[in-house]
Amino acid sequence: MKMVEKVTTEPTSDEPRGDARNASREGRHTATKGMRAKTRTRRSSTLAALLAVLATSGSAPTRAASQGTAAPEIYAVIVGYNGGGTSLPTLRFADDDAVRFALFFAGLDAPDRSSRVWLLSDLDAETTSGLARAGLTVPPRRSPTRAGLFGVFDEVGRALAARARPEAPVALYVVYAGHGLKGRILMKPEEAPEAAVTGRELRAAVAELARVAPALRSYLFFDACRSQSLFTERGGDGAPELGPDLAAAADALEARANAVSIGVLTAASSGKPAGEVSELGAGYFSHVLASGLAGAADADGDDVVSFGELAAFVAFNTERLTGQRPWFSPPGGDLRAPAMDHRGRRTRLDLSAAAAGRYLIEAAPGRPVFAEAWKGDRRPLRLSLPPGRYRVLHGGASDSATRASRAEVTLVAGAPADLARAAWAEAGADGAGYGQRGADLGADAGARAGGPEVPIFSAAFTPDVVSTLTAGYDAGREPPAAVGHARNTVEVGLALGSAPLDLRGAEPEVWLGYRRSLGPRWFAAVSLHFARSSQAAIEPYTLERGTALVGGGARAWVTPRVELAALVLGGGGPVLRRAGDVTGDWFAPCVAAGLDASLGLSGGWSLRAGARYLVQWIAVDGARRASSEPRGELGAAFAF
């Protein structure tokens, strides 16, 4: 059964284009909501190569990292803006995308874990009438302005600060659908002809929320032109920044922004279009992303959608059908980090015992479309959806022309629904619902019927896809995020130097350290050291040194995986002579300076090697004597 995806591409320049409202409903930036061009880094090119071999991949699946048994509270900020400013056409479905995400996140609310949603979007008449037909109530909303967005961030910050259990897990999702220019996303103007929010401001705002709630996990999803440039490029394309210049205010926060662990997933690479399917009434990236978050990306069936599973799912389905590739940056460089935790959720559509094949789930009247999934023969498949009435279209698993079937299902809050028990009928057989399009899911079925040409996912998503992505990423073809992207680093290791006070022999040492990021370049450090050497004399003895050091330093990255750091430390501790009895100096002050290099591995781990020069003033026969010696260090570090 061949599926045809109706998408057109937009030019990659920012030159003016015609109004989309009266044009054909095929595309995001051209006719309707044509193709949103997005930017992204070299991760996308490697991902393309990895996905190209997934058909023969036999690697083992990778499960989501265990993050404890408690699923987090959810805070979601959803923005959808159809406007194109002075140079881009008005979009058609950005508000629909925003509403769909708002309904999804609102539907996750439960007595044991709350889900709070802030929606910023002006709904057009088409969207409003569609929701009314579906009997859906939209969460409270406000206009998608700069002031509105930063006001929402302030509200989120106050809500986070007021939580009764600050240590409880909490996740923030920021989702944007609309137009983007290089380094910024468009917002509804209030005074000037155009308004935008820069990537710098977004990163700073999220960093400030992480300061309020240190346990916060943040995820940013952007379906907008050139949205990858929000996170990897500065200064845009030479065009002036839109809206008031808040650079000075953002500077104080941006130092924290680079130390915050954030998961980012955007729609397409630089200069590439990212399509919207008019029959779905959605941006294609947004459609696939919403499906993955709902549970379709849970390749191993453990009820946790890891970031790696989500990135692989979005790439797999967008690239196969549209040629677009998402750009992604895992939180802390860890693909196993959970992107959506569904453990314990009750309001779910269970497809585990249903027949294999493609499924599309939409509101009973036909819009909006909430999710799409391919059910395999063995893996469990459960989708978290808001309570309501749904129509499910099943397209079969073969590639030949297949008669579609449909069923209506009602989801009640707090109760799962088993799709295997639903009553199925041939789609369109009774003249209801899909009309003509239910008769055939061939290549032009949707075009003939005027309804969704669905399902449109073209192949099963399996754990092998995730394993291929993870193996390539961990092997270094996709470098992990630099160690310094994390806020905290714990390190442990061994050192070797010469014995103090010009004594003979070597002095081995064990040490434990901690570093706290103070921004993109600076860090504070504390370390504990214990060294011991044996001395041969008329009466043999051992010399033991325990040292506590506090200080800080600066760092720089040679590559995304290699960090160089210089640091200065001061402190002191006892220097004791043990030979039957214990004598010595109970506090010998010292200073140290050092250089080290770290090689990032995966999952936050790194190897660290360095050299340190120590000067310590040790009391000998009533007078302090300076002792200085170099030493080499080797250890491991874990960043979080």
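The values are calculated or read from the model by the stated rules, or taken from the named source; none is laboratory data. Just so we're clear, the structure is a prediction, and the values are computed from it rather than from any experiment. Every residue, glycine as well, gets a Cβ built from its backbone with ideal geometry; the counts of neighbours run over all protein chains shown. These accessible areas exclude ligands, DNA and RNA; they are computed on the full protein's heavy atoms, side chains included. Shrake-Rupley method; radii C 1.70, N 1.55, O 1.52, S 1.80 Å.
Multiplying the sequence separation of Ala593 and Thr542 by 0.36 nm and subtracting their Cα-Cα distance, what value in nm do you get? Numbers along the way, then the final one.
Working: separation 51, 0.36 × 51 = 18.36 nm, distance 2.61 nm.
Once the chain is fully extended between Ala593 and Thr542, it gains 15.8 nm.
Please list Leu216, Leu496 in order of solvent-accessible area, largest first, computed with a 1.4 Å probe with all protein chains present. Write down the numbers at each step before the final one.
Numbers: Leu216 20, Leu496 100 Å².
Highest to lowest solvent-accessible surface, that is Leu496, Leu216.
Could you work out how far apart the two model spin labels at Ala611 and Asp109 are, taking each label as a point 7 Å from the Cα in the direction of the beta carbon, and quote it in nm?
Between Ala611 and Asp109, the label points sit 6.2 nm apart.
What Rg and what Dmax come out for segment 473-624 when only alpha-carbon atoms are used, in angstroms?
Rg then Dmax for segment 473-624, in Å: 18.2, 60.
At a Förster radius of 25 Å, what calculated FRET efficiency corresponds to the Cβ-Cβ distance of Arg165 and Ala636, to the nearest 0.05? Before the final figure, lay out each step's value.
Working: r = 33 Å, r/R0 = 1.31.
Once the sixth-power term is evaluated, E becomes 0.15.
Mind jotting down the three principal axis lengths of segment 310-380 based on Cα atoms? Whole angstrom, largest first.
Result for segment 310-380: principal-axis Cα extents of 38, 33, 26 Å.
Ignoring ligands, DNA and RNA, how do Thr542, Thr86 rank by accessible area with a 1.4 Å probe, largest first? Kindly include the intermediate steps, with their values, before the conclusion.
Values: Thr542 25, Thr86 100 Å².
Largest accessible area first, the residues go Thr86, Thr542.
So if we plug the beta-carbon distance of Asp502 and Thr559 into 1/(1 + (r/R0)^6) with R0 = 56 Å, what FRET efficiency do we get, rounded to 0.05?
Working: r = 41 Å, r/R0 = 0.73.
Approximately 0.85, to the nearest 0.05.
Give me the distance in nm between label points sitting 7 Å out from Cα along the Cα-to-Cβ direction at Arg516 and Val620, one decimal.
Between Arg516 and Val620, the label points sit 3.7 nm apart.
For Glu426 and Arg133 in the same chain, what is the full-extension length gain: residue separation times 0.36 nm, less their Cα-Cα distance, in nm?
Contour length minus Cα-Cα distance gives 103.2 nm.
Return the Rg/Rh ratio of segment 519-600 with Cα-based radii and a Kirkwood Rh.
Working: Rg = 17.4 Å, Rh = 14.9 Å.
Reported Rg/Rh (Cα atoms, Kirkwood Rh): 1.17.
Starting from the 7 Å offset along Cα-to-Cβ, what nm value, one decimal, do you get for the label separation of Glu191 and Val212?
2.5
Give me the 1.4 Å probe accessible area per residue for segment 538-640, excluding ligands and nucleic acids, in Å².
Values: 5000 Å² over 103 residues.
Per residue, segment 538-640 has 49 Å² of solvent-accessible surface.
Using only the alpha carbons of segment 69-138, determine the length spanned along each of the three principal axes and report them from longest to shortest in whole angstroms.
48, 29, 14
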